[in-house]
Amino acid sequence: GSANLLRTGGLDAGTLDWSSEGTLSLAYSASFGRWLRVTSEAANFFINSTAVQVDPGGAYTASVDTIFQASAGTMIASLVWLDSGGTEVGRALGGNRGGHSFDNSNAGRATNAASGIAPANASSALLQVTWNNVAGLVNAGLRQAKIENYTTWTPFSSEASIRSAYTAISTLDTQYAGLSTTVGTQGASIVQNATAITNLTGRTASLESN
C-alpha cells in the first residue's frame, strides 16, 4: 500500500498528535490492540489527527478503523483540507455509520475511507472522526489511522511512525557521539590534572624534607 503520512497513526505514542474537545485516553484490546478512546458528555464531539502537508491538486485518502457503541447517534470520518492559516477550505467524507465495533477485515476502514483532490488553496490536511447526536455513550474511538497520497485506501501501515522513530534514534545517537567526544576530551584533561597533582605532591614532600 501507499505510505502513511501520519506519524502516530498506530498510536505508538499514545495520545500524542491527537486532539478532541472530549477526553482522550489510550486503551488496549486483546483482539484489536491499541486504540484511542474519547469520552464526552456532549451530544456531538470529534477526534482530530495532527495535520500533514499536502500538495494542491494531489489525490489523498484518509482511512481509519473505529468503534461506536451508544443508545443513539451516528459517526463519520472526514479528510479535512486546511489552508496555510489552518482554516478549513473543504472536506471529503466517508460513510455515515451507526453503532459498530472494530474489525480486523478492513471492512470498517473501507466504509470510513474519505478520498479527494486537495484544493488549490490547501496546504495541509487532517483526519477527523465526528460523533453526532449521541446518547447513552458506551465506547467511541479509533485505531489504525492513515492518510495517504493515493486515490483510494490501502491496508494500514506505519511508515511515518518508523521514520519518526528512526529520526529520534539518529538524533540520540548523534548526541551520544557528542557526549563521547566530550568525555574523551575531558579524560585527557583528567590525566593531565592527575599528573600535575602527583608532581605537586612530590615537590611538597621534597620541600617538607628540607
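Summary table
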quantity: Accessible-area composition of the stretch 107-163, carbon plus sulfur, in percent [1.4 Å probe]; calculated: 56 percent
quantity: Dimensionless Rg over Rh [the stretch 13-137; C-alpha; Kirkwood]; calculated: 0.97
quantity: Residues of the stretch 1-95: accessible area per residue with a 1.4 Å probe, Å²; calculated: 43 Å²
quantity: Tail weight of P(r) past 16 Å, computed on alpha-carbon pairs of the stretch 1-75, percent; calculated: 58 percent
quantity: Cβ-based net charge around Gln144, under 11 Å, with every Lys or Arg adding one and every Asp or Glu removing one; calculated: +2
quantity: Rounded to the nearest 20 debye, dipole of the stretch 52-134 from Cβ charges on Lys, Arg, Asp, Glu; calculated: 180 debye
quantity: Protection-proxy order for peptides 104-112, 77-85, each taking the mean of Cβ atoms within 10 Å per residue, highest first; calculated: 77-85, 104-112
quantity: Segments 151-157, 25-31 sorted - mean Cβ within 10 Å per residue, highest first; calculated: 151-157, 25-31
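The values are calculated or read from the model by the stated rules, or taken from the named source; none is laboratory data. Keep in mind that what you see is a predicted model, and the values were worked out from it rather than measured. Don't worry about glycine lacking a Cβ; one is built from the backbone with ideal geometry, like all the others, and counts go over all protein chains shown. Accessible surface is based on the protein model in full, side chains and every heavy atom, while ligands, DNA and RNA are left aside. Shrake-Rupley method; radii C 1.70, N 1.55, O 1.52, S 1.80 Å.
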